[in-house]
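Q: Before we start, here is the structure in question, set down as structure tokens.
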Amino acid sequence: MTRASELKKSDVIEVNGTLYAIRQIEVQSPSARGAATLYRVKASAVGGGPKFEERFKGDDDVATVELQRRAVQFSYVDGDDYIFMDNEDFSQYLLKQEDISDELAFITEETEGVLALKVEEAVIGLELPASVVLEVTETTPAMKAASASARTKPATLNTGLVVQVPEYIVEGEKVRVNTAERKFMSRA
């Protein structure tokens, strides 16, 4: 059992005998005195099936399932299927594009530190490292005017992700991006 306030994206919960992988958590803090913080959990059934949505109070206990984390490397795409290879035993895991659409913005063939999340023998999703290195493929040129404040501009990265970067970043540079906040961190 895990408290609702300690749930994380990609945790697996059990509700009425069905396993659900958490895809999104929204925190709602009511302003009324004595009101409890609410956690709105959106999840999808492991292995496909119905969606699940529920609100929990922060101190509610939720039944969770133990996950195995396996280091993987992105291999190739086959239609809507993305194939990842286990770094230890070289077995392949197939994940549907719709199940990992949020994570795809950070994954290239060079991305390291990606973990496959397994429940029993089923792979239910991916866990990304805290930051990844991506290449800037398109951005506007820097303006020559001096400015007292730090200005940013949009930059398209090699995965299609668009982030705000400092004005001095140019096309072809590698940058480190925070995966949780989807923000520029530094040059790589």
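Q: Past 20 Å, Cα to Cα, is the threshold; run 96/174; 153/174; 57/183 against it and keep the listed order. It would help to have the intermediate numbers written out before the result.
A: On the way: 96/174 28 Å; 153/174 16 Å; 57/183 30 Å.
Result: 96/174; 57/183 exceed 20 Å.
Q: What shape does segment 1-97 have by the C-alpha gyration tensor, where a ≥ b ≥ c are the square roots of the eigenvalues, rounded means a/c under 1.5, and otherwise prolate means a/b greater than b/c and oblate the rest?
A: Because a/c hits 1.5 or more and a/b exceeds b/c, segment 1-97 counts as prolate.
Q: Select from 89, 81, 102 the residue whose mean-square fluctuation is largest in a Gaussian network model of the chain (Cα-Cα springs shorter than 10 Å).
A: Comparing 89, 81, 102 in a Gaussian network model of the chain, the most mobile one is 89.
Q: Could you work out which residue, out of 178, 158, 16, moves most in a Gaussian network model of the chain, that is, has the largest mean-square fluctuation with Cα springs under 10 Å?
A: For the chain, modelled as a Gaussian network with Cα springs under 10 Å, the answer is 16.
Q: At 7 Å along the Cα-to-beta-carbon direction for both residue 35 and residue 176, put a label point, then send me their distance in nm to one decimal.
A: The two pseudo-label positions are separated by 4.0 nm.
Q: Could you do me a favour and compute the accessible area per residue for segment 28-120, 1.4 Å probe, result in Å²?
A: Computed with neighbouring chains in place, this is 60 Å² per residue.
Q: Evaluate E = 1/(1 + (r/R0)^6) for residue 110 and residue 24, where r is the Cβ-Cβ distance and R0 equals 30 Å; express this FRET efficiency to the nearest 0.05. Mind showing how you got there, number by number?
A: Working: r = 28 Å, r/R0 = 0.93.
Computed FRET efficiency for residue 110 and residue 24: 0.60.
Q: Residue 97 versus residue 137, label points 7 Å from Cα toward the beta carbon: distance in nm?
A: Inter-label distance under the simple model: 1.4 nm.
Q: Which loop chymotrypsin sites (Phe, Trp or Tyr not before Pro) in segment 93-188, with loop taken from DSSP, have no more than 14 other Cβ atoms within 10 angstrom of their Cβ?
A: Filter output for segment 93-188: 168.
Q: Rounded to whole Hz and in sequence order, give me ³J(HN,Hα) for segment 97-109 from the Karplus expression 6.51 cos²θ - 1.76 cosθ + 1.60, θ = phi - 60°, writing x for Gly and Pro.
A: Ordered by residue, 3J(HN,Hα) equals 4, 5, 6, 10, 4, 5, 6, 4, 5, 10, 10, 10, 5 Hz.
Q: Pick out, in residue order, every one of the trypsin sites (Lys or Arg not before Pro) in segment 132-184 that is DSSP loop and has at most 14 other C-beta atoms within 10 Å; say none if there are none.
A: Qualifying residues, ordered by number: 144, 151, 182.
Q: I've got another one for you. Treating only the Cβ of Lys, Arg, Asp and Glu as charged (+1, +1, -1, -1), what charge dipole size does segment 20-155 show about its Cα centre? Round to the nearest 20 debye.
A: That gives segment 20-155 a dipole magnitude of about 1040 debye.
Q: Among 19, 155, 114, whose Cα projects farthest towards the positive end of the dipole of the chain, with charges put on the beta-carbon of Lys, Arg (+1) and Asp, Glu (-1)?
A: 155
Q: Could you list which residues have their amide H under 5 Å from that of residue 163, counting only those 5 or more apart in sequence or on another chain, with H placed in the peptide plane?
A: Amide H neighbours of residue 163: 155, 157.
Q: Taking 2.2 N^0.38 Å as the expected size of a compact globular protein, what ratio does the Cα radius of gyration of segment 56-111 give against it, to two decimals? Let's see the in-between values first.
A: Numbers: Rg = 14.9 Å, N = 56, 2.2 N^0.38 = 10.2 Å.
Here the Cα radius of gyration is 1.47 times the empirical estimate.
Q: Loop-only check: which GluC sites (Glu not before Pro) in segment 50-142 are DSSP coil with at most 15 other Cβ within 10 angstrom?
A: For GluC sites (Glu not before Pro) across segment 50-142 that sit outside H, G, I, E and B with at most 15 neighbouring Cβ atoms in 10 Å, the list reads 66, 88, 109, 110, 112, 120, 121.
Q: Testing the spin-label approximation: label points 7 Å from Cα along Cα→Cβ at residue 15 and residue 81. State their distance in nm.
A: Label at residue 15, label at residue 81, 2.9 nm between them.
Q: Of (1) 12.0; (2) 14.3; (3) 11.4, which is the value of mean projected area of the Cα convex hull in nm² derived from the coordinates here?
A: (2)
Q: Using a Förster distance of 25 Å, how high is the FRET efficiency between residue 156 and residue 130, based on the Cβ-Cβ distance and rounded to 0.05?
A: Once the sixth-power term is evaluated, E becomes 0.65.
The values are calculated or read from the model by the stated rules, or taken from the named source; none is laboratory data. Remember, it's a predicted structure, so these values are computed and weren't measured experimentally. Reconstructed Cβ throughout: ideal geometry from the backbone, glycine too, with neighbour counts over all protein chains shown. Side chains are part of the model used for accessible areas, which takes the heavy atoms of the whole protein and leaves out ligands, DNA and RNA. Shrake-Rupley method; radii C 1.70, N 1.55, O 1.52, S 1.80 Å.
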